[in-house]
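The values are calculated or read from the model by the stated rules, or taken from the named source; none is laboratory data. Not measured: the values here are computed from a predicted model. Please note: Cβ atoms are built from the backbone with ideal geometry, for glycine as well, and neighbour counts cover all protein chains shown. Note: areas computed on protein heavy atoms with side chains; ligands, DNA, RNA excluded. Shrake-Rupley method; radii C 1.70, N 1.55, O 1.52, S 1.80 Å.
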Amino acid sequence: MKEQPILEVRDLTRRFGLRTAVRDVGFELWPGEVLGIVGESGSGKTTLLNCVGGRLPADDGTVLYRTAAGPAVDMLALAEAKRRRLLRTEWGFVHQNPRDGLRLDVSAGGNVGERLMALGHRHYGNLRQAAIDWLAQVEIDTARVDDAPRAFSGGMQQRLQIARNLVTHPRVVLMDEPTGGLDVSVQARLLDLLRRLVRETGVSAVIVTHDLGVARLLADRLLVMKGGEVVEGGLTDRLLDDPHHPYTQLLVSSALSV
Amino acid sequence: MNAMTEPVAEDGYNFAFLDEQTKRMIRRAILKAVAIPGHQIPFGSREMPLSYGWGTGGIQVTAAVIGRDDTLKVIDQGADDTTNAVSIRGFFRRMTGVATTERTDQATIVQTRHRIPETRLAEGQVIVYQVPIPEPLRWLEPRETETCKMHGLAEYGAMHVKLYEDIVRYGRIETAYDYPVMVNGRYLMRPSPIPKFDNPKMDRMPALQLFGAGREKRIYAVPPYTSVKSLDFEDHPFEVERWEHCCALCGSNDSFLDEIVVDDSGNRAFVCSDTDYCGERRAQGHQGAGMPAGYGQAAADGAAPGRKGD
Ligand SMILES: [Zn+2]
């Protein structure tokens, strides 16, 4: 059986005025795979993620996505209605700051149920139960289902954001520094949770991070970005244990010295 | 008021206050709005000699559609005699000279704030709603460009989040006014702050429904016999308010009732909010249980009682 990538990004370019933030970047994402994109701030990794996720228009390139229904579509060329529908059903996006991905004054249950409601689910009892099930999945006390996340801790907010995305069983999830801004012990718990969810759901994920420790724990494969371009890519262990490109070597050595 | 003379505006003013060009501009917006039921059409809202809180959007719509043969009824909270209604009616009487009425069935145009008359509106009538906030998605999305897109793509799922939150907090859908509706199966619409009691009247109403928002410069419409459905959940279906009481004055058990304080010791009574409906019923011989003892002589005379919140 020959597997095909679920996502194929080709020649993606994004400029801001005269500056090229992302230049001719391409990669594949395979079913069930977690791809890490690492680099320092300003390397273009978040811009790349935003372009792939349709949050920022790209100037050039294609983002070929193999839909659940079968046919592959170029997300960048798709009619907006279809693209937005795919984004809120088959895709997910986890923001670094949960504030950007949650409705802080809407109950946890309402946050989790929103995507289902968008798909036409109209049974309050079932929506609330689905939310309770997902809160349990992301290790949030299910008694908090009716509480608004404004009062949640940072770690809980981030876990809620993940539940809100996974409730429609997306096939691709993009994450922008999902553990950023959390203290170390909270980070560790979130990483464990993410590893388990990725394994259990079989979701394919792209994770942008500046933290090589996070990358090593979560990603099967890594891309290293510098100045808007990919300078090196490969399996995570190989790349971190035996970096070839001088910039990767620098990143790895400075990470060690921290 | 003399039926034998052609209605005219007060000296120095154009008929219905607005100049003809402005009226044509507003009518064009109304035609677009009728063509796309429930869709908000921007229009060049004019300054009116009344402040926004008085419903200048509705007043401009009425000014654009009113003709010399029209008979105008103006209500606020269901009543013809509240300050807002009296002042708007007076404005149009001065600016058009057309006949006015308190009788729903005799009006050709009903301008309203906060109610739809109990008497069913008929073909050929127009009801004009004063709208403070036209955008139903505003609470969840402050950006105009984004709400436009959501309407364009019919992305209304998040609207149910609001109703979901009601049930979380109160155990039921608590939204009682300006209850969101889906028009013609396509556009989400705010019906203006009418009680949800009135929502079913909008559905397939034989009269033309026009909505004007002055401050936000939007007009929208529901043409006659158009489907208007209130949002709900399967296990929390849309329901209208019910009262354990009948109207103390006319005995009606199917109209929207206002609770009023009738004396200094805090005694209360329930009466129709629609004063015309209540008066017509009494004229036909219907009677309620009467106002509680202690209510002033005015009640015995059948005059409209003082309203809560006025
Ligand atoms: Zn009555």
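Using a simple spin-label model with pseudo-atoms 7 Å out from Cα toward Cβ, A:Glu139 and B:Thr145 lie 4.0 nm apart.
Remark: segment B:1-158 carries 44 Å² of accessible area per residue (probe radius 1.4 Å; ligands, DNA and RNA excluded).
What FRET efficiency comes out for the pair B:Ala35/A:Glu40, r = Cβ-Cβ distance, R0 = 60 Å, nearest 0.05? All intermediate terms of the calculation are to be shown ahead of the outcome.
Details: r = 55 Å, r/R0 = 0.91.
So the FRET efficiency works out to roughly 0.65.
Cα axis of helix A:124-137 to longest principal axis of chain A: angle in degrees, 0 to 90, nearest 10? In chain A, helix A:124-137 runs at an angle near 50 degrees to the longest axis.
Summed over both chains, the contact between A and B buries some 1800 Å² of accessible surface at a probe radius of 1.4 Å.
Sum -39500 (n - 2.57) across every DSSP H segment of at least 4 residues in the protein assembly as shown, then divide by the residue count to get the 222 nm mean residue ellipticity, nearest 500. Don't jump to the answer; show the numbers that get you there.
Working: 18 runs with 181 residues, N = 568.
That comes out to -9500 deg cm²/dmol.
Determine the percent antiparallel among the DSSP beta bridges restricted to segment B:20-230, to the nearest 5. Write down the numbers at each step before the final one.
Numbers: 15 of 31 bridges.
If I count the DSSP bridges inside segment B:20-230, around 50 percent turn out antiparallel.
Once you compute Rg and the Kirkwood Rh from C-alpha atoms, what is the Rg to Rh ratio for segment B:8-71? List each step's numbers first, then the result.
Details: Rg = 12.3 Å, Rh = 12.6 Å.
Reported Rg/Rh (Cα atoms, Kirkwood Rh): 0.97.
Going through the cross-link list B:Lys73/B:Lys162; B:Lys196/B:Lys217; B:Lys23/B:Lys201; A:Lys226/B:Lys149, which pairs have a Cα-Cα distance over 32 Å in this structure? Present the calculation step by step, with values, prior to reporting the outcome.
Numbers: B:Lys73/B:Lys162 35 Å; B:Lys196/B:Lys217 24 Å; B:Lys23/B:Lys201 29 Å; A:Lys226/B:Lys149 35 Å.
From the list (B:Lys73/B:Lys162; B:Lys196/B:Lys217; B:Lys23/B:Lys201; A:Lys226/B:Lys149), the Cα-Cα distance tops 32 Å for B:Lys73/B:Lys162; A:Lys226/B:Lys149.
The alpha carbons of segment A:101-169 occupy a box of 31, 20, 19 Å along the principal axes, longest dimension given first. Counted over all Cα-Cα pairs of chain A, pairs farther apart than 29 Å make up 30 percent.
Would you tell me the mean number of C-beta atoms belonging to other protein chains that fall within 10 Å of each C-beta in A:99-111, as a whole number? Before the final figure, lay out each step's value.
On the way: counts 0, 0, 0, 0, 4, 0, 1, 7, 6, 1, 5, 9, 1.
So the per-residue partner count for this stretch is 3.
For a paramagnetic label modelled at 7 Å from the Cα of B:Ser87 toward its Cβ, which residues of segment B:13-48 fall within the zone defined by backbone nitrogen distances under 20 Å? Answer for this model: B:16-18, B:46-48. Annotation for segment B:144-237: chymotrypsin sites (Phe, Trp or Tyr not before Pro) lying in DSSP loop with at most 15 further Cβ atoms inside 10 Å of their Cβ are B:Tyr225. Computed over neighbours whose Cβ is under 11 Å from that of A:Leu64, the net charge equals -1, Lys and Arg +1, Asp and Glu -1.
Straight Cα distances below 18 angstrom link A:Lys82 to the aspartates and glutamates A:Asp74, A:Glu90, B:Glu146, B:Glu155, with same-chain residues fewer than 8 positions distant left out.
What's the average, rounded to a whole number, of partner chain beta-carbon atoms within 10 Å of each residue's beta-carbon in B:160-172?
So the per-residue partner count for this stretch is 5.
Only the Cβ atoms of Lys and Arg (+1) and of Asp and Glu (-1) were treated as charged; on that basis the dipole of segment A:1-98 about its Cα centre amounts to roughly 360 debye.
Take each residue of peptide A:118-128, count the partner chain Cβ atoms within 10 Å of its Cβ, and average: the result is 5. The angle separating the long axis of helix A:80-89 from the principal Cα axis of greatest extent in chain A is about 70 degrees. Solvent exposure of B:Lys23, expressed as accessible area, is near 0 Å², computed with a probe of 1.4 Å over the protein chains only.
Which of rounded, prolate, oblate describes the protein assembly as shown, given a ≥ b ≥ c as roots of the alpha-carbon gyration tensor eigenvalues and a/c under 1.5 marking rounded, otherwise prolate only if a/b is larger than b/c? Taking the square roots of the gyration eigenvalues as a ≥ b ≥ c, the protein assembly as shown is prolate. Against chain A, whose longest principal axis comes from its Cα atoms, helix A:108-118 is set at around 80 degrees.
Leaving out ligands, DNA and RNA, and with a 1.4 Å probe, what % of the accessible surface on segment A:1-97 is carbon or sulfur? Don't jump to the answer; show the numbers that get you there.
Values: 2240 of 4650 Å².
Roughly 48 percent, rounded to a whole number.
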